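The values are calculated or read from the model by the stated rules, or taken from the named source; none is laboratory data. Quick caveat: nothing in here was measured; it's all calculated off a predicted structure. Here the Cβ positions follow ideal geometry from the backbone for every residue, glycine too, while neighbour counts run over all protein chains shown.
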Amino acid sequence: MGGVALLLGGCTTTIVAPASVDRPQSVFVLDHGRHSSLVLPHPQGFVRYAYGDWAWYAEMDTGWMQAIDAVLFPSRAGLGRRQTDRPATREGLREGLRVGIQEIHEVEVDAERVTALRDSLEAHHRENLASVKENPTYDLAFVEYPEPYAFWHNSNHKVADWLRRLGCTIEGTAFWAQWQVIRSGDGRGRLLGD
């Protein structure tokens with residue numbers, strides 16, 4: 001298992017943004033080190049979503065036994081959410097978030113897809129408020145999420161899933177928060193906005 005993790009560790013995941021969209025809107029993938037979250041514009045600012053192991057993120061059980069459990073076995077998952085009134089811009093993100101950000105990756109997608117994904121995530125969060133756990137360390141309110149967390153289905157994989165719903169193509173493993181962004185049809189060497 002260690003050899004597999006080592007091999008996957010150097011892999012960059014490429015986000016291929018749609019070639020053209022009718023109503024362009026920027027979304028942001030945040031690299032927090034090993035983990036990622038997704039920021040979507042909201043009529044009153046922006047909202048950040050993250051996915052992770054419930055015990056680790058919602059309950060702050062961050063001991064080595066929980067780390068081993070989270071890596072080796074599928075476990076209960078949580079969807080984290082935080083809305084701010086800051087603008088959905090790079091500067092607004094840096095001002096509005098109280099968590100470490102190593103990199104911000106801007107991806108231009110269709111506004112209708114953004115609204116559909118945001119509405120879906122908001123509905124899930126609302127419907128599961130009975131399970132809500134505030135976590136000031138990650139500046140997120142977590143609710144239970146039905147898809148189990150696992151090493152092979154972690155926060156980066158979930159961000160990749162959400163990006164696919166926004167019309168992006170994902171190239172690479174998405175095991176780690178090592179992203180680059182290109183636009184479809186622009187040629188393989190042209191990176192966007194990083």
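Report yes if some residue within region 181-191 is over 15 Å from the mean Cα position of the chain (by Cα), assigned to a strand (DSSP E or B) and over 23 Å from residue 33 (Cα atoms); otherwise report no. Yes.
Can you spot a residue in region 54-69 that is part of a loop (DSSP other than H, G, I, E, B), at pLDDT below 95, among the aromatic types (Phe, Trp, Tyr) and surrounded by fewer than 13 Cβ atoms within 10 Å (Cβ to Cβ)? No, the conditions are met nowhere in region 54-69.
Consider region 108-148 and keep the residues that are assigned to a strand (DSSP E or B) and either free of Cβ contacts under 8 Å to residues at least 40 places away in the same chain or among the charged types (D, E, K, R) (or both). The one that is farthest from residue 46 (Cα to Cα) is 147. If you go through region 112-121 and keep only what is of a type outside the set (Lys, Arg) and closer than 13 Å to residue 38 by Cβ, you end up with 114, 117, 120, 121. Looking for something of a type in the set (Gly, Ala, Ser) and within 27 Å of residue 70 (Cα to Cα) - is there at least one such residue anywhere in region 105-116? The answer is no; no qualifying residue exists. With respect to the conditions (1) in a strand (DSSP E or B); (2) buried (at least 17 other Cβ atoms within 10 Å of the Cβ); (3) not acidic (Asp, Glu), residue 176 lacks only one, and its number is (1).
Contact map, region 85-107: first residue over 22 Å from residue 176 (Cα atoms), second residue among the small types (Gly, Ala, Ser) and outside any strand (DSSP E or B), Cβ cut-off under 6 Å, separation 6 or more or different chains; pairs are 86/92; 86/96.
Taking the criterion of being assigned to a loop (DSSP other than H, G, I, E, B), over 19 Å from residue 122 (Cβ atoms) and not acidic (Asp, Glu), would at least one residue in region 78-86 satisfy it? No, that holds for no residue. Out of 24, 41, 18, one residue alone is within 12 Å of residue 87 (Cα to Cα) and not β-branched (Val, Ile, Thr). It is 41. When only residues in region 31-46 that are surrounded by 19 or more Cβ atoms within 10 Å (Cβ to Cβ) and closer than 16 Å to residue 109 by Cα count, which is nearest to the chain's Cα centre (by Cα)? That would be 38. Residue 50 falls short of the stated requirement of being in contact (Cβ under 8 Å) with a residue 60 or more places away in the chain, closer than 19 Å to residue 135 by Cβ and in a helix (DSSP H, G or I).
Selection of first residues in region 20-37 that are touching a residue at least 12 places away in the same chain (Cβ under 8 Å) and closer than 23 Å to residue 56 by Cβ and of second residues that are among the hydroxyl-bearing types (Ser, Thr, Tyr) and part of a strand (DSSP E or B), restricted to Cβ pairs under 8 Å at least 6 apart or on distinct chains, gives the following pairs, ordered by first then second residue: 29/36; 29/37; 30/36; 30/37; 37/49.
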